[in-house]
Amino acid sequence: MSDKVIDRAAFLECMAWCGTGVVYGLTGAGLVGKPFDIVSAASAAEIPGAAATFVQISDTHIGFHGEANGDVVGTLKAAIDKINALPRRPDFVMHTGDLSHLSKPEEFDTVKQLLGTIKTGSFFSVPGEHDVINDQGKMYFSMFQAGSPTPWYSFDMAGVHALALTNVINITAGGILGRDQLDWAKRDLAMQKPSTPIVVFAHIPLAAVYPDWGWTTDDYAELLTYLQPFESVTVLNGHIHQVFQKNDGKVQFYTAASTAFPQPKPGSRPKPGPLTVPAGELSSYLGIRNVTVHQGDGQIAVADATLAS
Amino acid sequence: MHFKIGSAALAAALFLIVGPASAFAAQSSSSSSTDTHVSIDNYAFKAPTVTIPAGTAVVWTNKDDDPHTVTADDGSFDSKGLGQGDTYRHVFTKPGTYPYHCSAHPYMKGTVIVQGGN
């Protein structure tokens, strides 16, 4: 275990409270240190002076029919209802991948229609490995990222500069960003002011969460070097279907809950995969993430809410 | 589950579904008692290495509810995404060693060794 970047005890300690609906306080310079009191996602949007919010959802897996969730459309609808009930309409919503379960055309079509019912200014997504399993993502990119000539892109919204990365193509161990994307990220970031809050989205964790299960990105360290000049960096990922938080210097790293089904805690089972939980408890394992961006000081607050809360 | 989708999308979907399905039907109709079966179970190919005579086929069946692929390391064959219960059959005509993996979970590895037929 000593070669793991994150040791398991720390991970499990985090897991003990990460999934319960916690607001973390982040400043431009880093994590304030402790979670605030447990509050609902709505409270984050009511922080005085907040001027913008965005929402992350992840791993909707439309097309999944396994024991862990017989109605992934229903749970996505519940997640969307939760977003649409937020007191402040999010400036944008980002889906961090695995929109579909098997990259089938009807799965993409269904999820696109459902996501179209979200009340938000803009919708973005990055692909998960399930979205590129048949054709290297050709259909996914044509349906969800048609506006971008490359599988990666950036945008300025809600007071942040956001990078939307693809790290699921031609993977050989963990995720891979690749030379072209890293070169692009370096150029893109070089044009930003150090005081601009940076938010980085990708599907597979851009940190060594659990390499034995491929829960890492092989070349994430190079990306981190390009992020060092910035006062506020928030990395938001999916893939592992559970909330995990890590403070790596200036970089605040979070994975998100799925809207479809949970996965085991790292090492708690021989293999990853859909985890069946006791009947009636599923909604407490699924969730959405509301992020509040304070204008002026660039302070960012991340709030996870389960579908049960 | 029931969804309404546009007729254009439906036509596109049907085209895309019927294409591979037809190809698969043609393949499965030629299934043979000489087929070697490999199950994909709990994120592993079982057995990870199989040795077969040239001209015979391997049939993979995904038993997991997570999708997997059977993808040759050299790209010479690719099942694309296999859902739970889906099968993929590939006939190996040339002797040689064929390492493969799951493109969604690259730590899942297997090898087909094809022995000469003469």
Exercise. Does the stretch A:112-122 include one or more residues that are in contact with a strand residue (DSSP E or B) (Cβ under 8 Å, 6 or more places away or on another chain) and crowded, with 24+ Cβ neighbours inside 10 Å?
Worked result: no
Problem set entry | Exclusive hit being surrounded by 19 or more Cβ atoms within 10 Å (Cβ to Cβ) and either part of a loop (DSSP other than H, G, I, E, B) or touching an Asp or Glu at 6+ places or on another chain (Cβ under 7 Å) (or both), set A:T166, A:T172 | A:T166
Exercise. Considering only strands (runs of 3 or more DSSP E) fully contained in the stretch A:195-293, which possess at least 1 residues that are open to solvent by 20 Å² or more (accessible area, probe 1.4 Å)?
Worked result: A:244-248
For this session: Would you confirm whether any residue within the stretch A:209-231 is of a type in the set (D, E, K, R), touching a residue at least 12 places away in the same chain (Cβ under 8 Å) and within 14 Å of chain B (Cβ to nearest Cβ)?
Result: yes
Problem set entry | helices (runs of 4 or more DSSP H) lying entirely in the stretch A:32-124 (those with 3 or more residues that are within 14 Å of chain B (Cβ to nearest Cβ) and modelled with pLDDT of 95 or more) | A:72-84, A:105-115
Problem set entry | Where a residue in the stretch B:30-52 is aromatic (F, W, Y) and its partner, wherever it lies, is open to solvent by less than 30 Å² (accessible area, probe 1.4 Å), with Cβ under 7 Å and at least six apart | B:Y43/A:G273; B:Y43/B:D64; B:Y43/B:H105; B:Y43/B:M108; B:F45/B:V38; B:F45/B:M108; B:F45/B:G110
Problem set entry | Matching residues, the stretch A:175-184, being without any contact (Cβ under 8 Å) to a residue 12 or more places away in the chain and either under 23 Å from A:G121 (Cα atoms) or open to solvent by less than 20 Å² (accessible area, probe 1.4 Å) (or both) | none
Problem set entry | Residue under evaluation B:Y100, criteria (1) among the hydroxyl-bearing types (S, T, Y); (2) open to solvent by 10 Å² or more (accessible area, probe 1.4 Å); (3) outside any loop (DSSP other than H, G, I, E, B); (4) within 14 Å of chain A (Cβ to nearest Cβ), criterion not met | (2)
Exercise. Do we find a residue being touching a Gly at 6+ places or on another chain (Cβ under 6 Å) and either of a type outside the set (A, V, I, L, M) or over 30 Å from B:Y107 (Cβ atoms) (or both) anywhere in the stretch A:145-166?
Worked result: no
Exercise. Of the numbered conditions (1) within 11 Å of chain B (Cβ to nearest Cβ); (2) in a loop (DSSP other than H, G, I, E, B); (3) surrounded by 24 or more Cβ atoms within 10 Å (Cβ to Cβ); (4) not β-branched (V, I, T), A:H130 satisfies every one except a single condition; which is it?
Worked result: (2)
Problem set entry | Matching residues in the stretch B:26-82 - criterion: being of a type in the set (A, V, I, L, M) and within 14 Å of another protein chain (Cβ to nearest Cβ) | B:I40, B:A44, B:V70, B:A72, B:L82
Seminar exercise, completed: Of the residues in the stretch B:75-87 that are out of contact with any helix residue (DSSP H, G or I) (no Cβ under 8 Å at 6 or more places or on another chain) and in contact (Cβ under 8 Å) with a residue 24 or more places away in the chain, the one that is surrounded by the fewest Cβ atoms within 10 Å (Cβ to Cβ) is B:G85
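Residues are listed down the side, and each one gets a yes or a no for (1) without any contact (Cβ under 8 Å) to a residue 40 or more places away in the chain; (2) charged (D, E, K, R):
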residue	(1), (2)
A:T96	no, no
A:V111	no, no
A:K119	yes, yes
A:G137	yes, no
For this session: Check A:F155, A:F141 and return the single one that is of a type outside the set (D, E, K, R) and either open to solvent by less than 10 Å² (accessible area, probe 1.4 Å) or in a strand (DSSP E or B) (or both).
Result: A:F155
Exercise. What number of residues in the stretch A:66-88 are over 18 Å from A:E281 (Cα atoms), more than 19 Å from the chain's Cα centre (by Cα) and surrounded by 15 or more Cβ atoms within 10 Å (Cβ to Cβ)?
Worked result: 1
Exercise. Any residue at all in the stretch A:146-166 that is in contact with a Phe, Trp or Tyr (Cβ under 9 Å, 6 or more places away or on another chain) and within 14 Å of another protein chain (Cβ to nearest Cβ)?
Worked result: no
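The values are calculated or read from the model by the stated rules, or taken from the named source; none is laboratory data. The shown structure was predicted, so the numbers you read here are calculated from the model rather than taken from an experiment. Note that each Cβ is placed from the backbone with ideal geometry, even for glycine, and that neighbours are counted across all protein chains shown. Surface areas here come from the heavy atoms of the whole protein model, side chains and all, with no ligands, DNA or RNA. Shrake-Rupley method; radii C 1.70, N 1.55, O 1.52, S 1.80 Å.
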